[in-house]
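Peer 1: Sharing a structure, written as structure tokens. Questions coming.
All of the numbers you see were taken from the coordinates with simple rules; none came from a lab. Everything numeric here is computed off the predicted structure, so don't read it as measured data. Virtual Cβ from ideal backbone geometry, glycine too; neighbours counted across all protein chains shown.
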Amino acid sequence: MLRFIVVHPVAFTEEQLAPLAKEQLPEGVAWHATYIDVDGKKTFCHWHAPTVEALREVFVKYEVPYETIHTVRLFDPLVGRIEPAPEVKVLQPA
């Protein structure tokens, strides 16, 4: 599973986020956390998904604007390591 940080061009409110949190997500897609900047201009969300395309489909379906989607790896300060890079499967034409 890939880990993503998504940058949204707006600071969402609780009233906007609460209904989205109740929506059924596709299998393998998980919304973990949302951070709103203190300037009230942007929102940053932490997601897991099998592909960036699967995540884009969620944003299109629920009409959620986004600026960028970053595939990221986590540094865990408790163990002092960056998680291993995920194995990325490249599909070959049939």
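Peer 1: Only residues in region 9-25 that are free of Cβ contacts under 8 Å to residues at least 40 places away in the same chain and over 14 Å from residue 44 (Cα atoms) count as the first member; pair them with residues that are assigned to a loop (DSSP other than H, G, I, E, B) and aromatic (Phe, Trp, Tyr), Cβ under 8 angstrom, at least 6 apart or cross-chain, and list the lot.
Peer 2: From region 9-25, the pairs are 23/62.
Peer 1: Also: Taking residue 30 as the residue in question, decide whether it is of a type in the set (Gly, Ala, Ser) and either over 14 Å from the mean Cα position of the chain (by Cα) or under 14 Å from residue 2 (Cβ atoms) (or both). Break it down stepwise before answering.
Peer 2: Working: of a type in the set (Gly, Ala, Ser): yes; either over 14 Å from the mean Cα position of the chain (by Cα) or under 14 Å from residue 2 (Cβ atoms) (or both): yes.
In short, yes.
Peer 1: Same structure, new question: Mind listing just one residue for me: the one in region 33-58 that is free of Cβ contacts under 8 Å to residues at least 24 places away in the same chain and surrounded by 14 or more Cβ atoms within 10 Å (Cβ to Cβ) and, of those, nearest to residue 1 (Cα to Cα)?
Peer 2: Ranking the qualifying residues of region 33-58, first place goes to 56.
Peer 1: If I ask for residues that are exposed (fewer than 11 other Cβ atoms within 10 Å of the Cβ) and out of contact with any strand residue (DSSP E or B) (no Cβ under 8 Å at 6 or more places or on another chain), which ones from region 13-32 would you list?
Peer 2: 14, 15, 18, 19, 22, 23, 24, 27
Peer 1: Looking at the structure I just gave you, is residue 8 in contact with a strand residue (DSSP E or B) (Cβ under 7 Å, 6 or more places away or on another chain) and either aromatic (Phe, Trp, Tyr) or surrounded by 11 or more Cβ atoms within 10 Å (Cβ to Cβ) (or both)? Before you say what the answer is, go through the steps one by one.
Peer 2: Working: in contact with a strand residue (DSSP E or B) (Cβ under 7 Å, 6 or more places away or on another chain): yes; either aromatic (Phe, Trp, Tyr) or surrounded by 11 or more Cβ atoms within 10 Å (Cβ to Cβ) (or both): yes.
Against the criterion (in contact with a strand residue (DSSP E or B) (Cβ under 7 Å, 6 or more places away or on another chain) and either aromatic (Phe, Trp, Tyr) or surrounded by 11 or more Cβ atoms within 10 Å (Cβ to Cβ) (or both)), residue 8 qualifies.
Peer 1: Okay, moving on. Just checking, how many residues over region 23-69 are in contact with a helix residue (DSSP H, G or I) (Cβ under 8 Å, 6 or more places away or on another chain) and in a loop (DSSP other than H, G, I, E, B)? So that I can check it myself, show each step before the final result.
Peer 2: Let us first name the residues in region 23-69 that are in contact with a helix residue (DSSP H, G or I) (Cβ under 8 Å, 6 or more places away or on another chain), namely 25-26, 28-29, 31, 34, 47, 49, 62, 64-66, 69.
Narrowing further to those that are in a loop (DSSP other than H, G, I, E, B): 25-26, 28-29, 62, 64-66.
Selection size over region 23-69: 8.
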